[in-house]
1. Going by alpha carbons, how many degrees (0 to 90, nearest 10) lie between the helix axis of 2-25 and the longest principal axis of the chain?
2. In whole Å and largest first, what semi-axes does the C-alpha gyration tensor of segment 60-106 yield when each eigenvalue is scaled by 5 and square-rooted?
3. Would you mind getting me the FRET efficiency between Leu92 and Ile7? Use the beta-carbon distance for r and R0 = 41 Å, nearest 0.05.
4. For helix 45-67, what angle does its Cα long axis make with the longest principal axis of the chain, in degrees from 0 to 90 and rounded to 10?
5. To the nearest µm²/s, what D does Stokes-Einstein give for segment 1-119 at 25 °C and 0.890 mPa s, using the Kirkwood radius over alpha carbon pairs as Rh?
6. So between Met78 and Leu20, what do we pick up on full extension, going 0.36 nm a residue minus the alpha carbon distance?
7. May I ask for the longest run of the chain untouched by trypsin sites (Lys or Arg not before Pro) that are loop-located per DSSP and have at most 13 neighbouring C-beta atoms (other than their own) within 10 Å?
8. What distance in nm separates the two pseudo spin-label positions at Arg33 and Tyr127, each 7 Å out from Cα along the beta-carbon direction?
Amino acid sequence: MKEAIEIMARILAAVAIPVLIIRFSRAAGQPGRTNGDRTWLEYGRGIRIFTALLGVLVLWLIGLWIFSGPEQRFDAMMLVLIFGSLAIPLVLEVFWVRIGCDGSTLWCFSPWRRNREIPLEEMGTPYYSALMKWWVIPTRRHGKVRVSDFLAGRDAFLRRLGVRTTLG
């Protein structure tokens, strides 16, 4: 019975992970949120729900770690460390990264670096990083802007910059 459960878990993971990635990447074709004349590129609802559930899982594991017996504490701690190391950066990325554009300026907000206000004329030619699954837009004085495949409004934003978003 235990072997059957392990096999089913592997099959589920092999199917669920690609399905989730495909589902989350569909956000790129969705329109970005607009606020006046500014369009915002933000992570979609699906990946936000997934991230929130992962955060709840980590909180549950912390509770399990605190209230478990001495013989299970090490295992619970390892699960907290593994899932926590995945959840914390994902929560920061999904809930705090956003890019705004109004046709003349790009606003970048991220927990990874200072906020930036970049005039569009300072942008270089965007290129796609297949390994990281994001578009990289070099700028003259503001470093690089990375636009994830999972950001809603990505396709319209890149079209505005004159980039063809289909690869091949």
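1. 10 degrees
2. Semi-axes from the Cα gyration tensor: 39, 8, 4 Å.
3. Efficiency at R0 = 41 Å is approximately 0.70.
4. Computed tilt is about 30 degrees.
5. On the way: Rh = 17.2 Å.
It diffuses with D of about 142 µm²/s by this estimate.
6. Length gained between Met78 and Leu20: 18.4 nm.
7. 1-112
8. 3.3 nm
Every read-out reported here was derived from the displayed coordinates using simple, explicitly stated rules and does not represent laboratory data. Source: prediction; values computed, not measured. Neighbour counts run over all protein chains shown; Cβ positions are idealised from the backbone, glycine included.
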